[in-house]
Every structure is written in structure tokens, then in C-alpha cells.
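J.: One structure follows; several queries about it will come next.
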Amino acid sequence: MIPIIPDADVARALAADLDAAGYTVEAVDALWGSDAADALHRGTRVPAVRELDARLVGGLPSPVATLARLFLLGLPADLTDAATALPSVGVPALVDAGLVSVEGGDVRPNVDLRPYAYVDDAGAGSWWVMSDLGELALGRALGEEHVLGIGGASMTLSGLMVPVPVRRVLDLGTGCGIQAMHASRFAETVVATDISARALDIARFNVAMNGIENVEFRLGSLYEPVAGERFDRIVSNPPFVITPRRDGVPAYEYRDGGMVGDALVETVLTGLAAHLEPGGTAQLLGNWEHRWGREGLDRVASWFGERPDDGPALDVWVVERERQDPATYAETWIRDGGTRQGTPAFEELVGYWLDDFAERHVLGVGFGYVVVRRPASDGLTTTRRFERVPESLGSNPAGLGATVARTLDAIDWLRSHDDAALDRAHLVVAGDVTEERHYWPGNDDPTVITLVQGGGFGRRVDADTALAAFVGACDGDLGVGAIVGAIAQLLRVDEDALAAELRPRIRELLTDGLLRPA
């Protein structure tokens with residue numbers, strides 16, 4: 001692979017040209033329309049190429065069309081057209097930086113460079129993000145040093161990031177740098193690490209190209225580059241893909257941590273305690289194996305134990321949103337590397353994966369989110385939550401960071417409120433909560449009552465008459481104890497018994513965000 005030289009002057013000049021050309025998500029979408037964009041997402045660029053070619057009849061390509069052809073479709077562009085689209089940086093400077101090559105009268109891309117738009121709690125914004133060319137542009141399987149661009153996992157993690165300003169953030173395994181860039185909007189300083197020198201060069205170029213100045217890069221494996229340091233936030237989309245450790249299986253740096261099974265995720269998670277400041281949080285993605293006789297979430301829980309050796313106790317929240325059987329998991333990641341299904345090479349790799357899983361009695365692989373927090377003070381009771389949520393949540397991760405922040409706030413609030421304090425507290429229903437009621441025909445009383453959360457994790461909570469009445473009365477006017485007493489009178493039940501029944505459910509609704517302190 002051609003080395004990338006992260007020259008800051010070249011990056012800034014290139015950014016000026018991209019800006020002048022109007023190389024934005026909206027402009028690119030307008031070049032070829034939604035149908036061609038969908039085809040590109042499926043790995044077919046023919047419709048997009050035809051749309052661009054149709055625009056050339058009787059004229060020269062616009063700068064944005066040339067940039068999209070070159071850096072997004074991965075196709076050669078005419079040298080004159082490229083020079084017109086890149087007047088500030090110039091084609092020779094991009095050749096020296098490793099971004100393009102010139103062959104005869106054509107300029108050929110060595111990297112993927114695309115516009116990226118986002119919205120977070122700090123507002124809307126856009127960047128340009130460079131990564132290595134994908135298999136569509138390469139026409140072959142990916143190289144083992146491939147640096148991945150923005151994918152579904154990247155967007156999930158950026159959406160999961162808690163949008164609260166902090167002093168120092170660690171981005172563990174930064175890749176192309178996208179998480180460090182997101183983190184930079186809520187941090188004074190970001191330290192981004194990776195074991196891949198190529199990934200760090202690309203990330204440095206991306207940061208410089210987008211005018212981000214508070215990110216520091218360090219080369220090394222996992223926590224080695226930050227030994228002895230602590231951070232207010234740690235984010236990581238680690239190379240968690242479970243890969244057979246044998247000859248003939250590609251070991252892609254961007255996804256393979258070089259360990260057996262899910263040991264890489266275990267290593268990352270068990271190292272958090274030593275690197276979080278008091279009150280610090282971590283948000284990560286990961287895979288874990290479900291083995292014969294041991295569920296995956298139970299295995300993850302065992303990695304944390306009651307208290308890490310020589311370290312602080314932690315709040316731990318693990319959400320499994322998807323589980324794949326061994327064959328499906330193997331096929332997914334073999335295709336991800338560019339090996340085509342139905343070929344002898346594909347079949348051979350599937351066999352290697354299934355043999356590897358069989359050796360450890362793996363029945364499935366879970367994927368999900370991990371949120372960890374070191375309490376602000378030692379000695380506090382810690383929270384442990386290991387749960388499964390609908391897979392559909394993964395398709396719309398935006399805003400989950402705010403949900404995580406509210407859950408952590410609720411845990412802190414509940415720590416300071418024993419039963420007596422909870423009874424005195426005034427609560428309100430979150431604005432996104434609705435209620436569903438189902439009746440048997442002819443019955444006045446509902447047979448099923450469900451509380452529905454419109455945002456966050458979209459939880460659906462079955463409620464009996466007492467809990468539904470309690471939630472309906474939470475408008476901030478009356479305390480919890482007063483509401484429970486009134487419901488006990490209406491239902492003609494013992495008030496103390498009803499309070500004992502409702503308190504744990506009220507605490508759960510507060511933790512899940514359906515109720516909030518007034």
C-alpha cells in the first residue's frame with residue numbers, strides 16, 4: 001500500500017478545494033439521486049457512474065463531480081479535470097502525500113475521501129473523512145493493513161458517546177480517527193491510539209484537514225501508549241472480530257486484535273478501571289461468545305467481578321442488541337474482508353471459523369454496547385446491568401449518548417435516595433412516554449397495559465393497574481409516598497405492601513428514563 005504522508009499544509013489546502021467545490025453530502029446525493037445512492041450502499045456503482053456520464057453530454061464535469069468520481073467511486077479522473085477541481089493543493093502535492101497517483105493523462109485515487117454530516121448535542125456539522133479504498137474500488141479483497149472508513153459500528157459508537165464536556169478523552173484504537181474527531185467536540189484534549197502506523201497517519205491527515213487541533217496521536221497496542229494515565233472518558237470501537245488463529249486466515253488490523261476468541265474485548269474491559277478518573281465513563285462496542293453452558297452476558301459479567309484487583313469498583317451496563325449463530329457470524333466477516341461468497345476460498349474460510357468456534361464450544365456471538373463508569377467516590381454501591389434489547393435499535397443509534405447520560409444521572413440520584421427519601425420525592429413522566437391499553441371485547445377493564453418509551457432504547461414495560469395509575473399521577477405535584485397512599489385507598493389494599501411492591505419498579509422506571517425527578 002502506498003504510504004500516506006500526513007502533511008498539515010497539504011491537508012489544509014485540500015480542505016480549501018473541497019470546500020470551494022461544495023463537496024458535501026447533499027451535493028453528492030444530488031449528483032446521482034437516491035436510487036444510485038442505494039445501489040452504491042449495496043456495492044454497485046454502475047447507476048452512479050451512468051448518472052455522472054449523462055451530465056457530461058455537451059460539457060465538462062463540475063469540480064464536485066470530478067471529486068466524487070475520483071474519491072468516492074474510486075475511478076480515474078482526467079488530469080486536467082482533477083487539476084481544475086484541486087487548484088489550491090494541486091495534483092503533484094497529493095501525489096507526494098500518497099493520496100493519488102498519475103498514470104498518463106489520468107489521476108487515480110489511492111484513498112477514499114468522502115463528505116460526512118452529523119448532528120450531536122453541540123449542533124450540526126460536517127467533515128471530510130479519508131480512509132483506504134474499499135473492495136468496490138479495489139476490485140479485490142482488502143489488504144490486512146486496510147484502514148476502515150465510517151461504517152455502521154462507527155456511527156453507533158459516536159451516537160453512544162455521552163455528550164457532556166470533559167477534560168481528557170482516550171480513543172482506544174482510533175482507526176481513521178472518526179471517534180477522536182467526535183470526542184474533540186466535548187473535550188479539552190483527546191489522546192488517540194492505534195497499533196497501526198498507517199491508521200495514525202490517515203487519522204492525522206483527517207484531523208488536520210478538518211481544522212481540529214486538540215487531538216494527540218500515539219502508536220501502540222491497547223493501553224500501552226497511556227500506561228499510568230487516567231481519563232475522564234474512554235471510547236473504543238476495538239478490533240473485536242473473533243478470528244481463527246491459523247495460517248490462511250487474513251488478520252485485518254482494523255478488526256482483528258490478534259487474540260483467541262473474545263479475549264481482546266475482555267482485555268479492553270478489564271483494563272478500564274486503571275485508566276478512568278473518578279466519575280469517568282467509558283463507552284465501547286464489543287463481541288462476546290455464548291458458549292455451551294455459559295451465556296455471553298454471564299461471561300462478560302465475570303470479567304468485571306465484584307471489584308477489580310487493586311482497582312476501584314465500577315458501574316457496568318452491557319446491552320446486547322444482536323446475536324448471531326457461528327455460521328452467520330463467519331459469513332458476515334469473511335464477506336467484510338472482500339472474499340466473495342460461493343468461491344472455494346470463501347468455503348475454506350467458513351470451515352476455519354467453524355472449527356475455531358467448535359474448539360471453544362461456541363453456540364453464538366453477541367454484539368452490543370458497553371458503558372462503564374468509575375463512581376466519583378470509592379465505597380459507593382455499584383450498579384450492574386446486563387440486558388438484551390431489540391436488534392432494531394442498532395439501525396438508529398443517534399441520541400443514545402444522551403440516553404446513557406440520563407441513565408447514569410438516574411443511578412446517581414437513586415444512590416442518594418433510600419426508601420424514605422424516594423417516598424418524599426416528586427417525579428414526572430418523561431415526555432416521550434405513552435400508554436397502550438388492550439381490552440377484551442365488551443370488557444371495561446384493560447387486559448394489558450403497556451408503557452411505551454418513544455426515544456432512547458424504546459422500552460416497552462408491562463404495567464398492572466397500580467403501576468399505570470402511579471405513572472399517570474406523576475406530574476410533579478405530589479410525592480411518591482402520597483401517590484402510593486392514594487392508590488392504595490382506591491384499590492383497597494395495604495399501603496405498606498403496595499409501597500414495597502412498587503418501589504423497585506419505580507426505581508427501574510427512573511433508571512430506564514420513563515420517569516424523572518421533578
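The values are calculated or read from the model by the stated rules, or taken from the named source; none is laboratory data. Computed from a prediction, not measured in an experiment: that's the story for all the values here. Cβ placement follows ideal geometry from the backbone for every residue including glycine, while neighbour counts extend to all protein chains displayed. Calculation scope for accessible area: heavy atoms of the full protein, side chains included, ligands and nucleic acids excluded. Shrake-Rupley method; radii C 1.70, N 1.55, O 1.52, S 1.80 Å.
J.: Could you grab me the full set of residues in the stretch 4-25 that are without any contact (Cβ under 8 Å) to a residue 40 or more places away in the chain and closer than 16 Å to Pro115 by Cα? Can you show your working first?
T.: Within the stretch 4-25, the first condition is being without any contact (Cβ under 8 Å) to a residue 40 or more places away in the chain, and the residues that meet it are 9, 19.
Of everything in the stretch 4-25, just one residue is without any contact (Cβ under 8 Å) to a residue 40 or more places away in the chain and closer than 16 Å to Pro115 by Cα, namely Asp19.
J.: Any residue at all in the stretch 180-187 that's in contact with a Cys (Cβ under 9 Å, 6 or more places away or on another chain), closer than 21 Å to Leu99 by Cβ, open to solvent by less than 40 Å² (accessible area, probe 1.4 Å) and modelled with pLDDT of 95 or more? I'd like the intermediate steps shown before the answer.
T.: So the first thing to find is which residues in the stretch 180-187 are in contact with a Cys (Cβ under 9 Å, 6 or more places away or on another chain), and the list is none.
Scanning the stretch 180-187, I find no residue that is in contact with a Cys (Cβ under 9 Å, 6 or more places away or on another chain), closer than 21 Å to Leu99 by Cβ, open to solvent by less than 40 Å² (accessible area, probe 1.4 Å) and modelled with pLDDT of 95 or more, so the answer is no.
J.: Now a separate question. Regarding the stretch 212-228, can at least one residue be identified that is touching a residue at least 60 places away in the same chain (Cβ under 8 Å) and touching a helix residue (DSSP H, G or I) at 6+ places or on another chain (Cβ under 7 Å)?
T.: No - not one qualifying residue is present in the stretch 212-228.
J.: Pick from the stretch 31-44 the residues that are in contact with a helix residue (DSSP H, G or I) (Cβ under 9 Å, 6 or more places away or on another chain) and open to solvent by 50 Å² or more (accessible area, probe 1.4 Å): which of them is nearest to Leu133 (Cα to Cα)?
T.: Thr44
J.: Working carefully through the options Asp336, Asp356, find the one that is of a type outside the set (Lys, Arg), touching a Pro at 6+ places or on another chain (Cβ under 6 Å) and in contact (Cβ under 8 Å) with a residue 40 or more places away in the chain.
T.: Residue meeting the stated conditions: Asp356.
J.: So which residues in the stretch 1-30 are assigned to a loop (DSSP other than H, G, I, E, B), in contact with a helix residue (DSSP H, G or I) (Cβ under 6 Å, 6 or more places away or on another chain) and under 18 Å from Leu99 (Cα atoms), if there are any at all?
T.: Ile4, Ile5, Pro6, Asp7, Tyr23
Every residue, every condition in (1) among the β-branched types (Val, Ile, Thr); (2) within 18 Å of the chain's Cα centre (by Cα); (3) at pLDDT 85 or above; (4) closer than 23 Å to Ala8 by Cα, yes or no:
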residue	(1), (2), (3), (4)
Asp112	no, no, yes, yes
Asp121	no, yes, no, no
Trp127	no, yes, yes, yes
Asp132	no, no, yes, yes
Ala141	no, no, no, no
Val147	yes, yes, yes, yes
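J.: Consider the stretch 493-518. How many of its residues are β-branched (Val, Ile, Thr) and surrounded by 15 or more Cβ atoms within 10 Å (Cβ to Cβ)?
T.: Here the count works out to 2.
J.: Would you pick out the residues in the stretch 6-60 that are of a type in the set (Val, Ile, Thr), over 26 Å from Gly338 (Cα atoms), over 26 Å from the mean Cα position of the chain (by Cα) and modelled with pLDDT of 90 or more?
T.: Matches in the stretch 6-60: Val10 only.
J.: Now for a separate question. List every residue pair whose Cβ atoms lie under 6 Å apart, where the two residues are 6 or more positions apart in sequence or sit on different chains, the first residue falls within the stretch 98-119 and is on the phi > 0 side of the Ramachandran plot, and the second residue, located anywhere, is open to solvent by 40 Å² or more (accessible area, probe 1.4 Å) and of a type outside the set (Gly, Ala, Ser).
T.: Taking only residues 6 or more apart or on different chains, the pairs are Gly98/Ile2; Gly98/Pro3; Gly98/Ile5.
J.: Are any residues in the stretch 136-171 of a type outside the set (D, E, K, R), open to solvent by less than 20 Å² (accessible area, probe 1.4 Å) and in a strand (DSSP E or B), and if so, which ones?
T.: Val169, Leu170
J.: Continuing with this model, one more query. Please work out which residue is nearest to Val162 (Cα to Cα), limiting yourself to the stretch 444-492 and to residues that are open to solvent by 50 Å² or more (accessible area, probe 1.4 Å), of a type in the set (A, V, I, L, M, F, W, C) and touching a residue at least 24 places away in the same chain (Cβ under 8 Å).
T.: The selected residue is Leu478.
J.: Can you spot a residue in the stretch 324-334 that is in contact with a helix residue (DSSP H, G or I) (Cβ under 7 Å, 6 or more places away or on another chain), among the β-branched types (Val, Ile, Thr), open to solvent by less than 20 Å² (accessible area, probe 1.4 Å) and farther than 22 Å from Leu142 by Cα?
T.: No, that holds for no residue.
J.: Select from the stretch 339-353 the residues that are under 30 Å from the mean Cα position of the chain (by Cα) and open to solvent by 60 Å² or more (accessible area, probe 1.4 Å) and list them in ascending order.
T.: Arg340, Gln341
J.: Suppose we filter the stretch 190-199 for residues that are crowded, with 24+ Cβ neighbours inside 10 Å and closer than 20 Å to Arg168 by Cα; how many remain?
T.: The number of residues fulfilling the criteria is 4.
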